[in-house]
1. When the residues of the range 138-175 are filtered to those that are in a loop (DSSP other than H, G, I, E, B) and exposed (fewer than 14 other Cβ atoms within 10 Å of the Cβ), which remaining residue is modelled with the highest pLDDT?
2. What is the residue count in the range 184-223 for residues that are out of contact with any strand residue (DSSP E or B) (no Cβ under 9 Å at 6 or more places or on another chain) and not in a loop (DSSP other than H, G, I, E, B)?
3. Go through the range 143-167 residue by residue and tally those that are over 15 Å from residue 29 (Cα atoms) and in contact with a strand residue (DSSP E or B) (Cβ under 7 Å, 6 or more places away or on another chain).
4. Determine, yes or no, whether residue 235 is surrounded by 14 or more Cβ atoms within 10 Å (Cβ to Cβ) and farther than 30 Å from residue 139 by Cβ.
5. Please verify whether the range 93-108 includes one or more residues that are free of Cβ contacts under 8 Å to residues at least 24 places away in the same chain, touching a strand residue (DSSP E or B) at 6+ places or on another chain (Cβ under 8 Å), closer than 24 Å to residue 318 by Cα and surrounded by fewer than 19 Cβ atoms within 10 Å (Cβ to Cβ).
6. Can you tell me which of (1) assigned to a loop (DSSP other than H, G, I, E, B); (2) under 20 Å from the mean Cα position of the chain (by Cα); (3) surrounded by fewer than 14 Cβ atoms within 10 Å (Cβ to Cβ) is the one residue 73 doesn't meet?
7. Can you pull out the strands (runs of 3 or more DSSP E) entirely within the range 224-277 that have at least 2 residues that are in contact with a helix residue (DSSP H, G or I) (Cβ under 9 Å, 6 or more places away or on another chain) and closer than 17 Å to residue 292 by Cα?
């Protein structure tokens, strides 16, 4: 029989969010959105001419994760690396506007700030549709000197935090040495909850509290092809990741199919997506999930309670267009509905 969700208990956890401090390590990305109108074809080539109407830059990647934590009301201490360029300056400005400290955001002079530019076009009075995305990435790991500064900052601030949340997009911040450092912290029972979302290097993490891959990341980590509507392949992948990393939990996000939680006790819990499966935009949904999941855990929630809160948060954010966050108010409203 399906266990009923205790919404009153989830509301209590949300009220506890404000008392938590979370350290984040993540590749911060400048998510740039350019909106334009098309009305004629170019004479130079058989392409439409885009007349730009507006441009916006949001915190993406690990920046979206820390933005979600901030919007949920907790204290955030971010660690990241940006370039000494216009987009790096915009990122710093946006973080400061949130009231989040930036002394753990290190600047490398000859590094470019990662930027993802999305062009959204359409005729006048129509909904703009994304036609192309342009990515600009550093293409190299951070410098050894920067790595040492990050380690020093991490050691100095770890005691202030209830959790360490890693958002590794594979853009050069999370080096093998930093992974080794995180694994050492995880091996010591110091009361700090470590959660990890890593696009390409998940298998390198050991003994962290929880990992939150999506299905493609879980397939890459486990080497098992997770096929649609095939629960057996999902179960095999989840169990293999559990053996490889030795966490307390593996939470696999499955898009329209919801989430599946694997616990080190051997228990497996699956929940369907909350609300409509007519998703507007999945951009940053994984950031929202790991942020809410981590915050619920440090606020005293069980793994199942944290998963359910993360599921509600994910349902809210995928109905928003672009890089988006969820607020405490929105979470409370959806629970009280």
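The values are calculated or read from the model by the stated rules, or taken from the named source; none is laboratory data. In this text, all values refer to a predicted model and were calculated from it rather than measured experimentally. A quick note on method: Cβ atoms are made from the backbone with ideal geometry, for glycine too, and the neighbour counts reach across all protein chains shown.
1. 170
2. Residues in the range 184-223 being out of contact with any strand residue (DSSP E or B) (no Cβ under 9 Å at 6 or more places or on another chain) and not in a loop (DSSP other than H, G, I, E, B): 7 in total.
3. Summing the residues that are over 15 Å from residue 29 (Cα atoms) and in contact with a strand residue (DSSP E or B) (Cβ under 7 Å, 6 or more places away or on another chain) in the range 143-167 gives 14.
4. Numbers: surrounded by 14 or more Cβ atoms within 10 Å (Cβ to Cβ): yes; farther than 30 Å from residue 139 by Cβ: yes.
So residue 235 passes the test.
5. There is no residue in the range 93-108 that is free of Cβ contacts under 8 Å to residues at least 24 places away in the same chain, touching a strand residue (DSSP E or B) at 6+ places or on another chain (Cβ under 8 Å), closer than 24 Å to residue 318 by Cα and surrounded by fewer than 19 Cβ atoms within 10 Å (Cβ to Cβ).
6. Looking at each condition in turn, residue 73 falls short on (3).
7. Working: elements: 249-253, 259-263, 268-271.
In the range 224-277, 249-253, 259-263 are the strands (runs of 3 or more DSSP E) which contain 2 or more residues that are in contact with a helix residue (DSSP H, G or I) (Cβ under 9 Å, 6 or more places away or on another chain) and closer than 17 Å to residue 292 by Cα.
Quick grid of which residues meet (1) surrounded by fewer than 16 Cβ atoms within 10 Å (Cβ to Cβ); (2) within 20 Å of residue 196 (Cβ to Cβ); (3) modelled with pLDDT of 95 or more:
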| site | (1), (2), (3) |
| --- | --- |
| 240 | no, yes, yes |
| 246 | yes, yes, yes |
| 269 | no, yes, yes |
| 272 | yes, no, no |
| 276 | yes, no, no |
